[in-house]
1. Within the range 68-89, is there a residue that is part of a strand (DSSP E or B), touching a strand residue (DSSP E or B) at 6+ places or on another chain (Cβ under 8 Å) and hydrophobic (A, V, I, L, M, F, W, C)?
2. In the list T116, T69, which residue meets the criterion of being at pLDDT 90 or above and either surrounded by 11 or more Cβ atoms within 10 Å (Cβ to Cβ) or more than 30 Å from G216 (Cα to Cα) (or both)?
3. Of the residues K88, K97, which single one is surrounded by 10 or more Cβ atoms within 10 Å (Cβ to Cβ), of a type outside the set (S, T, N, Q), in the same structural domain as R161 (by TED's automatic domain parsing) and touching an Asp or Glu at 6+ places or on another chain (Cβ under 7 Å)?
4. Going residue by residue through the range 49-61, is there one that turns out to be among the aliphatic types (A, V, I, L, M), free of Cβ contacts under 8 Å to residues at least 12 places away in the same chain and farther than 18 Å from I162 by Cα?
5. Condition test on K163, is it out of contact with any Cys (no Cβ under 6 Å at 6 or more places or on another chain) and part of a loop (DSSP other than H, G, I, E, B)?
6. Select, from K15, K25, the only residue that is in a helix (DSSP H, G or I), over 52 Å from the mean Cα position of the chain (by Cα), at pLDDT below 90 and not assigned by TED's automatic domain parsing to the domain that holds L169.
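The values are calculated or read from the model by the stated rules, or taken from the named source; none is laboratory data. Small disclaimer: the values here were computed from a predicted structure and weren't measured. Using ideal geometry, Cβ is built from the backbone for each residue, glycine included, and neighbour counts are taken over all protein chains shown.
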Amino acid sequence: MIKQETTQEVYNRQKCVGNSSVSKKEISFLLDQLDKRSVHLIKKKDMLVRQKTRVDNDLKQTENEIKRTRERLNHIVNSDKQVSISLKKQQSNQYIKGRFWWEGKQRDVQIGSEKTIMSILDTLRENKLIDRVKVKRGQKFNWKHFHKDKKIAEAVQMIARIKAAGYILNKIIKEESLARLKNGPEKHKIPAEKKHPVSASTIVETENLNIDWYDGWKNENFGENI
């Protein structure tokens, strides 16, 4: 609210230079309107700054989720996760174990015993995923043999990558199942035709600066659980 003294000072200064076309009442009204508009714009700016921060945070989170989702998709579809392989002993039995890094944690998968690996190699060959791996009759497939034969090493590495992809696949399926249990059954809405879509910029112009247009717009276009 502009003080009367301020109005009088403006009026007096204008009068001193011969500007008598504007009355004191008009000056008072104009100053009051400009003051109200200034307050309104400051509130609007504060709201937009808050919303911009939320939009920026949401954008960053969405970009990270896109990257994470694409990486998950590629690992499952292409079985491209690099796995380090080691020989482990459990009592008198030997088996090959795989270890890989995924989403900030070290993960382990059991690739199988020598017998299991030979069976899987046969299955992969039958499905034309690898070339035929030859092991001489009577020759035991062991760790030393694995390191010497490049084709067998590559084939076992493929088994390890497929096992890693299966680990990721199972983890994500479990995550999705837990998310559905937590959020309840998904409700499929039939989108209604919008005759007059309202943009964010239009809503910002409203006098009611308490309207949280960003949340409303986001939920309307992308759902609440994003």
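1. Checked against the condition, which is being part of a strand (DSSP E or B), touching a strand residue (DSSP E or B) at 6+ places or on another chain (Cβ under 8 Å) and hydrophobic (A, V, I, L, M, F, W, C), the range 68-89 yields at least one hit.
2. It is T69.
3. Criteria check complete, one pass: K97.
4. Checked against the condition, which is being among the aliphatic types (A, V, I, L, M), free of Cβ contacts under 8 Å to residues at least 12 places away in the same chain and farther than 18 Å from I162 by Cα, the range 49-61 yields at least one hit.
5. Answer is no for this residue.
6. Criteria check complete, one pass: K15.
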